[in-house]
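Written out below as structure tokens is the structure these notes cover.
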Amino acid sequence: MEQTFAMVKPGAVQRELIGEIITRFEKKGIKLVGLKLMQMSEELAKQHYAEHTEKPFFDELVKGITAGPVVAMVLEGENVINIVRTMAGATRPSDALPGTIRGDYVLDTGKNVIHTSDSKESAIREINLFFKKEEIINYSLAT
Ligand code: CMP
């Protein structure tokens, strides 16, 4: 079964949106198999955003993601990488459709509430960066 990584960003933790965001995934039927509230180090932030090292907003990105706790999660389900990305909505607030997480809660690209893996490769990389094998729980939902 496919797995993806998602992270509620510090600004969204401050806005008390953790429950709202997780509820959306649960209601969709996506299974939560890993979950933690954590403070990212600068080193982890730089590793996580390694592909953006050369971008002009890289320092801002690292500063923002380490500004307070995040909620990291591993989500499981069929086609979950694309589904979670679709549910998160477009990165640019003007492109994020109402009904998506960003469409409903974001006005500023730099404060875009949630991160989600954009491919199989990045899902594997990001899950391994944030979670130890034993922190991902294999269980069945009743339904
Ligand atoms: P995220 O999905 O975490 O992955 C890369 C992040 O870069 C993205 O969300 C945005 O928060 C951020 N980002 C992308 N473009 C810009 C930009 N022009 N200015 C500031 N941040 C940006």
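Here are the numbers for this structure:
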| item | result |
| --- | --- |
| Listed residues P69, P93, P56, most fluctuating in the chain (Gaussian network, C-alpha, under 10 Å) | P56 |
| Cα gyration tensor shape for the stretch 65-105, rounded if a/c is under 1.5, else prolate or oblate | oblate |
| FRET efficiency, 1/(1 + (r/R0)^6) with R0 30 Å, evaluated for I137 and A67 via beta carbons | 0.55 |
| Residues S41 and D108, FRET efficiency given R0 of 22 Å [Cβ-Cβ distance, rounded to 0.05] | 0.35 |
| Cross-link pairs K28/K120; K9/K63; K36/K132; K36/K111; K55/K111; K36/K133 - those with Cα-Cα distance over 18 Å | K28/K120; K36/K111 |
| Long-range HN-HN contacts of S117 with modeled amide H, under 5 Å | F5 |
| Square roots of five times the Cα gyration tensor eigenvalues for the stretch 3-134, Å | 20, 18, 14 |
| Theoretical ellipticity at 222 nm over the chain - DSSP helices of four or more residues, -39500 (n - 2.57) apiece, nearest 500 | -10500 deg cm²/dmol |
| Radius 13 Å from Cβ of R125, net charge of other residues (Lys, Arg +1; Asp, Glu -1) | -3 |
| Loop GluC sites (Glu not before Pro), the stretch 1-105, which have at most 11 other Cβ atoms in a 10 Å radius of their Cβ (DSSP) | E16, E54, E78 |
| Length-normalised contact order of the chain in % [C-alpha pairs under 8 Å, at least 6 apart] | 35 percent |
| DSSP-assigned coil residues among chymotrypsin sites (Phe, Trp or Tyr not before Pro) in the stretch 45-134, each with at most 13 further Cβ atoms within 10 Å | F57 |
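Every number in this text was worked out from the coordinates using simple rules, so none of it is lab data. The shown structure was predicted, so the numbers you read here are calculated from the model rather than taken from an experiment. Because the Cβ atoms are built from the backbone with ideal geometry, glycine has one as well, and the counts that use them run over all protein chains shown.
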